[in-house]
Amino acid sequence: MARLPGSLLFVCNLNRVRSPMAAGLTRKLYGDAIRVESCGLEPTGEIDPMVAVVMQEVGVDLFDHQPRGLGGLTLEAFDMTIALTAEAWAPVRAAVTASGAKADYWQTEDPTVGEGSREMRLEAYRVARRTLEARIVACFGPPAEWE
């Protein structure tokens with residue numbers, strides 16, 4: 001059985017799409033069994049509206065999410081840090097290597113680059129959501145194990 005870390009940090013570029021999506025899914029799946037945070041390398045603006053919509057479809061409210069950066073966080077304070085972009089992987093790996101904390105890189109496609117109708121673009125976000133959820137469950141096990 002996988003071991004659920006006590007604290008987990010997801011890192012992406014802007015903290016507007018992938019990392020808040022992953023954090024929201026993890027909270028939904030495991031509740032209070034894990035402390036989950038998210039941040040970006042260069043946080044900017046507000047949550048991507050498409051993220052808020054596709055997350056609401058699965059019962060996760062991200063409409064009030066405010067992007068935040070690495071600045072106020074100590075990566076070594078987390079049991080595990082997961083980078084979701086290639087740009088985030090290098091600083092995450094460098095920061096946690098000396099501390100012995102666990103780090104991983106989950107390459108996650110950027111749904112914001114999709115084109116087409118609104119529905120086609122939303123589907124790209126849904127694919128990212130399903131991919132992240134599958135990775136989370138594969139890494140930490142079925143949520144029922146942690147209830």
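Of the residues making up the range 43-80, those that are among the charged types (D, E, K, R), surrounded by fewer than 19 Cβ atoms within 10 Å (Cβ to Cβ) and part of a loop (DSSP other than H, G, I, E, B) are Glu46, Glu57, Asp61, Asp64, Arg68, Asp79. Scan the range 5-37 for residues that are assigned to a strand (DSSP E or B) and touching a Gly at 6+ places or on another chain (Cβ under 8 Å) and the total you get is 3. Going by the structure shown, is Ala83 under 24 Å from Tyr30 (Cβ atoms), among the hydrophobic types (A, V, I, L, M, F, W, C), surrounded by 17 or more Cβ atoms within 10 Å (Cβ to Cβ) and in contact with an Asp or Glu (Cβ under 8 Å, 6 or more places away or on another chain)? Yes, satisfied.
Of the residues making up the range 103-137, just one is under 17 Å from Leu8 (Cβ atoms) and polar (S, T, N, Q), namely Thr108.
Of all residues in the range 81-122, exactly one satisfies the criterion of being closer than 25 Å to Met55 by Cβ, free of Cβ contacts under 8 Å to residues at least 12 places away in the same chain and among the polar types (S, T, N, Q), namely Ser117. If you go through the range 88-122 and pick out every residue that is hydroxyl-bearing (Ser, Thr, Tyr) and exposed (fewer than 15 other Cβ atoms within 10 Å of the Cβ), you end up with 3. Can you find even one residue in the range 102-119 that is touching a helix residue (DSSP H, G or I) at 6+ places or on another chain (Cβ under 7 Å), over 23 Å from Cys139 (Cβ atoms), modelled with pLDDT under 85 and part of a loop (DSSP other than H, G, I, E, B)? Yes, some residue in the range 102-119 is touching a helix residue (DSSP H, G or I) at 6+ places or on another chain (Cβ under 7 Å), over 23 Å from Cys139 (Cβ atoms), modelled with pLDDT under 85 and part of a loop (DSSP other than H, G, I, E, B).
Restricting Thr44, Thr74 to those that are over 19 Å from Arg126 (Cα atoms) and in contact with a Lys or Arg (Cβ under 9 Å, 6 or more places away or on another chain) reduces the list to Thr44. There is no residue in the range 123-137 that is free of Cβ contacts under 8 Å to residues at least 40 places away in the same chain, surrounded by fewer than 18 Cβ atoms within 10 Å (Cβ to Cβ) and not in a helix (DSSP H, G or I).
The values are calculated or read from the model by the stated rules, or taken from the named source; none is laboratory data. Nothing here was measured: the structure is a model prediction, and the numbers come from that model. Quick reminder, even Gly has a Cβ in these numbers, built from the backbone with ideal geometry, and neighbours come from all protein chains shown.
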